[in-house]
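To keep things clear, I will list the structure first and then write my remarks on it.
We did not get these values from a lab; they are worked out from the coordinates using the rules stated. These figures come from a predicted structure and were not determined experimentally. Cβ placement follows ideal geometry from the backbone for every residue including glycine, while neighbour counts extend to all protein chains displayed.
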Amino acid sequence: MRVTLRHRRSAYRPQRSRPRRIDRRRFALASLVATLLAAGTVATTTAAELPVSFAVAGTPFTVTAQRLEATGATQFASFRRDGAGTRHAAAVVGIRSARISGLCQSAVARTPLGTVTLVIRSGSDEPVRAEDMVLDLTRLTGNMTFGSVEMGRDAATLDSSGVTGQAGTYGQQARTLTIDNLRLNAWSLTAGTFSLADAGMSVRRGAHPCD
């Protein structure tokens, strides 16, 4: 299965439909999956604290990958708000374009019906391709290599990825960025395009985050 997400601005217009009887448990699980998917893989382009069009979920999700190769990367600190209006500190990372090998993304939700985990995995042969990607991180680990790096630059003047922060805020950027054995926790991931070849999605009861 190939999954390609592209951002297109369009007005949402609700449509009327005839009422149907729906099993409440099935409806709750379906709603949960939709919510987790929206929180974990939202396809839109954004910038710093950021005039985004959605509130983040109250719990970060996890992404792991064997390798990320990026061109045009910027980073600075900011805040994101959840649905309750609570502000969460985030390290905003903007990436112009990226190739990601061995990607796994998981979101764990604890609900009145129990704990559920949504997992999305990319295929093993072709890397994930992302354009104009922005992540709001709480944590990132891995073996990192920066090319043509600038640290201590005013976040409002960053120009490697197209994502900028507030004037006077610490920022850093690099022409290239490679991360091996990547693991991160994030409030949100957005992208102009996010393409996965031979991808798979599964939902399991219990907590089963990506290793």
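Around Val116, under 10 Å between beta carbons, what's the net of Lys plus Arg minus Asp minus Glu among the other residues? Write out the running numbers ahead of the final one.
Numbers: positive: Arg110, Arg204, Arg205; negative: none.
Here the charged neighbours net out to +3.
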Determine the relative contact order of region 83-151: mean sequence separation of Cα pairs under 8 Å and six or more apart, normalised by residue count, in whole percent.
40
Extension reserve of the Asp159-Met201 stretch, reckoned as 0.36 nm per residue once the Cα distance is removed:
11.6 nm
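Taking K and R as +1 and D and E as -1, what net charge do the other residues with C-beta under 11 Å from the C-beta of Gln172 add up to?
Net charge around Gln172: -1.
Find out how many positive minus negative residues lie around Ser160, taking Lys and Arg as positive, Asp and Glu as negative, among other residues whose Cβ is under 11 Å from that of Ser160. Mind showing how you got there, number by number?
Values: positive: Arg96, Arg153, Arg175; negative: Glu150, Asp159.
Net local charge, Ser160 excluded: +1.
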Scoring region 52-211 by relative contact order with C-alpha pairs under 8 Å, at least six apart, yields a percentage of 34
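Which shape class, rounded, prolate or oblate, goes with region 119-211 when its Cα gyration tensor gives a ≥ b ≥ c as root eigenvalues, a/c under 1.5 marks rounded, and past that a/b bigger than b/c marks prolate? Walk me through the numbers on the way to the answer.
Details: a/c = 2.07, a/b = 1.87, b/c = 1.11.
Cα axes put region 119-211 in the prolate bin.
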